[in-house]
Amino acid sequence: MERGGWKTNTGFLLAAIGSAVGLGNIWRFSYMCYKNGGGAFLIPYLIALLACGIPLMILEFAIGHKFRASAPKSMHAVNSEWEWLGWWPVLFVMFGIELYYCVVIAWFGLYAVFSLKSMLPGGVLPWTQGGGPEDFFFNSFLGLTDGPFTIGAMSLPIIGMTVFVWLLLWAICVHRVEGGVERACKIFMPLLFLLTAVLVVWGLTLDGAGEGIKQYLQPDWTKLGDVTIWRDAFGQIFFSLSIGFGIMIAYASYLPKQTNLVRSAFITCLCNCGFSVFAGFAVFSVLGFMALQQGVDVGDVAKAGPGLCFVTYPQAIALLPAFKGLFGFLFFFSVFIAGITSAMSIIEAFASAAIDKFDWNRTKVVTATCILGLAGSLIFTTGAGLFWLDIIDHFLNSYGLMVVGLLEAVMIGWYYRIDHLHFHLTDANQGAYPVSWDIWWEWSVKFVAPVALGSIVAWSIMDDLKTPYEGYPTQALVLLGLGWVIGTFLLSGIFSMYSKHTQQPDVEGL
Ligand code: TRP
């Protein structure tokens, strides 16, 4: 009881959906869909969801709930030699992905502030001045240098907003889940859905929106034969659902003994994917509008990542006939919120891991983590930040996350009796389950997920060996990319060894 726990099941669901719905849903999904044959992409996406996403979500919920502990302690309970498999993801997400994720959230926060300021009398959107949105973002705003080894200057406004983001995350996570994450998500998530709905409706009323939506969803069935579409679908499902991060294990550990985990996993996954498709309407209606204004093709303006959110979208906003500032604010602020609810989830996962294993005090753990995190984020506020972000993101996503998912599935599917977990799921739900679904679940965990994830990892290795990622210098890729993957891996070994020397309270329910 002293660990804390969710007050309501809705609170838990909002937190899990809050973790899943993040920048990936907005700046990655719509482009993936467009690039991979529009509506046709939804087929491999749905298959990846059913074959890999939902089963692994159920798996993570089940382990966290059965052992009532976050990832390292749960993995330790599965097999004491594998505790590092619990530490590794929370470490590389906390001290890898999270560090730049928070800086990107800060960019969104600043763009939201710029939009607000432009509504003041005499105010203008800063990217409409001088060299336009692209020049503004890369040169004036980021001060981008010419390569990853030219660090350049730190940007003061970005540092300021990054400090604010970390302070906000700290203020939420020092409280136990029910008073911190749950309370924040109960405010942020409904607000996010409302803001997105306003953006979608507003977007659809713009001239040219129809053409944008047509390009977004019109199926090109021939693309289904292309293998990259399958890799993209599995990769997208994985990152977007926050599985393999150790987050869902921690979140499920705070649930009461009696709970329907399978239903919660379905709700979380379907809401996340539904949100992606929905947000895509806001993105593509605006792209359609812009293409019409500029007399170009939607394909010429569709991009992913920072290019979409910080160049194309601002440019489209500048073309709006009225209420530019308000539209900009709604967009940037909603992505900001989506990011915050994801960023808080990993701090919670890491902090609860340390608290569960070492019996440390929450306030101290969260404060130390946020200070270290902020220090780590600073490197991404420099002129080389975007390059570092790009390299580390590629390596941690293609190798870290996928390998963790693969090992988790193999480990539980083959070395731990999965029927134990099946009993547990049934028990937790007062013994009530249809008998047929467990075959699908077991097969996915034992065969489909390992084969799919294994092939994706092998393929990424081949790709990376053939051509250096995005043409970056090899030293940068090895030092930053591999360095981060291997460094956090070693650190997870150290943490597991350290925890062997500290007292292990017995795990209940084994
Ligand atoms: N699922 C999130 C997305 O789609 C990513 C994410 C979840 C994340 N939790 C995180 C990223 C914690 C960094 C840290 O964007």
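Since every read-out is calculated from the coordinates, none of them should be taken as a lab result. From a predicted model like this one, the values you see are computed outputs, not experimental measurements. Counting neighbours? That spans all protein chains shown, and the Cβs are built from the backbone with ideal geometry, glycine included.
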With 10 angstrom as the radius, rank 187, 229 by how many other C-beta atoms surround their C-beta, starting from the fewest. 187, 229
Amide N of region 329-348 lying under 14 Å from the label point, which is placed 7 angstrom from the Cα of residue 198 along Cα→Cβ: 329-337
Roughly how tilted is helix 483-501, in degrees to the nearest 10 and between 0 and 90, from the longest Cα axis of the chain? 30
For the residue 358, residue 416 Cβ pair and Förster radius 25 Å, calculated FRET efficiency rounded to 0.05 is 0.55
Using alpha-carbon positions, what is the distance between the centroids of region 282-340 and region 459-484, in Å? 31
Spin-label pair residue 443/residue 139, simplified geometry with 7 Å Cα→Cβ offset, distance in nm: 5.8
If the reach is capped at under 28 angstrom between alpha carbons, list the lysines near residue 446, excluding any in the same chain fewer than eight residues apart. 66, 73, 257
Check the straight Cα-Cα distances from residue 364 and name the aspartates and glutamates below 17 Å, setting aside those fewer than 8 residues away within the same chain. 2, 348, 356
Taking trypsin sites (Lys or Arg not before Pro) as exposed when DSSP calls them loop (any state but H, G, I, E, B) and at most 12 other Cβ atoms lie within 10 Å, what is the longest stretch of the chain free of them, the sites themselves excluded? 1-256
Under the 0.36 nm per residue contour assumption, what length would be gained going from the current alpha-carbon distance of residue 430 and residue 498 to full extension? 20.6 nm
Between 0 and 90 degrees, rounded to the nearest ten: what's the tilt of helix 98-118 against the longest Cα principal axis of the chain? 30
MRE, 222 nm, helices only [DSSP H, n ≥ 4, -39500 (n - 2.57), over the chain, to nearest 500]: -20500 deg cm²/dmol
Report relative contact order for the chain in percent, whole number only (criteria: Cα-Cα under 8 Å, sequence separation at least 6). 34
Any lysines whose Cα falls less than 22 Å from that of residue 117, other than same-chain ones fewer than 8 residues away, would be 324
For region 8-91, which chymotrypsin sites (Phe, Trp or Tyr not before Pro) pass both filters: DSSP loop (anything but H, G, I, E, B) and at most 16 other C-beta atoms within 10 Å? none
Likely footprinting exposure, 83, 470, fewest C-beta neighbours within 10 Å first: 470, 83
Chymotrypsin sites (Phe, Trp or Tyr not before Pro) within region 134-198, DSSP loop, no more than 15 other Cβ atoms inside 10 Å: 149
State the Cα centre-to-centre distance between region 217-273 and region 363-409 in whole Å. 21
By how many nm would the segment from residue 367 to residue 183 grow when fully extended, if each residue of separation counts as 0.36 nm and the alpha-carbon distance is taken off? 64.3 nm
